[in-house]
Amino acid sequence: MAVTRDTIVDEALGQAERASWEAVRLRRVASALGVSLEDVWAHFREKEDIVDAWFDRADKAMLTEIRKPGFPELGARERLERSLLAWLAALAPHRRVTRQMILNKLEPGHVHYQVAGALRVSRTVQWLREAVGRDATLPWRAVEETALTSLYLAVFFRWMWDDSPGAERTRAFLRRSLDWGTRACGRAPVSAPGTPRRRSETGAGPAGPAEINL
């Protein structure tokens, strides 16, 4: 049978849910899918590449969110909130496994994973800037990226341990954090994706953040 990247990722996540991410082995993933290790290797050179593919799904979900009706008309704060919530919602079905993936990267002996993880964070933040419509150039771009990275990491780590219904504690934390984050970014030029460039944007759009399940 033909195997795709998505089927491999889904099988690995399913096995991790039944045991743990640490217990997942590519040979067991291949066996469950009825394919060879070589078939898995054709898509993923190592198990850690599956983690990257999992977070790629979240990045894609964030970029899909900006195509929804009314998104470009939202204010900068609302676009940022919607984008972050969409990113987290894509990971929500496997929150426990996602947490295990991150903790695995942070183990002392996994320095190479930590370097790759830092690059992963940078990549997601850059897509977040594109989704929200940030246009700053140096020196404001460096300030903006620092603010967005801090906000993104703080919200993500809060969400990983949030067992409240609908991750409401994370939502509340994000709303509070945006008061600081938008102040840090608000002095730089901003525009909604697909709309003319504007120098600043502080007002809310015609609709607030849509309900996104976390």
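Every read-out reported here was derived from the displayed coordinates using simple, explicitly stated rules and does not represent laboratory data. Note that the structure is a prediction, hence the values are computed from the model and not measured. All Cβ positions, even for glycine, are placed from backbone atoms using ideal geometry, and neighbour counts span all protein chains on display.
Using amide H atoms built 1.01 Å from N in the peptide plane, name the residues 5+ places from R134, or on other chains, whose amide H lies under 5 Å from its own.
S191
Using a Förster distance of 22 Å, how high is the FRET efficiency between Q126 and L37, based on the Cβ-Cβ distance and rounded to 0.05?
Details: r = 34 Å, r/R0 = 1.53.
The computed FRET efficiency comes out at 0.05.
Report the semi-axes of the equivalent ellipsoid for the range 60-164 in whole Å, largest first, where each axis is √(5λ) for an eigenvalue λ of the Cα gyration tensor. Before the final figure, lay out each step's value.
On the way: eigenvalues 124, 69, 24 Å².
Calculated on Cα positions only, the semi-axes equal 25, 19, 11 Å.
Once you put a point 7 Å from the Cα of E17 and another 7 Å from the Cα of D163, both along the Cβ direction, what distance in nm separates them?
Between E17 and D163, the simple spin-label model gives 1.9 nm.
Gain in length, L153 to T7, computed as 0.36 nm per residue apart minus the alpha-carbon separation, to one decimal in nm? Intermediate results must be reported in sequence, preceding the final value.
Numbers: separation 146, 0.36 × 146 = 52.56 nm, distance 2.84 nm.
Gain on stretching L153 to T7: 49.7 nm.
Under Stokes-Einstein, with the Kirkwood radius over Cα pairs standing in for Rh, what whole-number D in µm²/s applies to the range 1-83 at 10 °C and 1.306 mPa s? The partial results should precede the final answer.
Details: Rh = 14.5 Å.
Answer from the Stokes-Einstein relation: 109 µm²/s.
First measure r as the distance between the Cβ atoms of T146 and A116, then evaluate 1/(1 + (r/R0)^6) with R0 = 25 Å and state the FRET efficiency to the nearest 0.05.
Details: r = 21 Å, r/R0 = 0.82.
The formula returns an efficiency of 0.75 here.
Can you find, among F44, L26, A61, the residue farthest towards the positive end of the dipole of the range 12-120? Put +1 on the C-beta of Lys and Arg, -1 on that of Asp and Glu.
Going by the charge dipole, the pick is A61.
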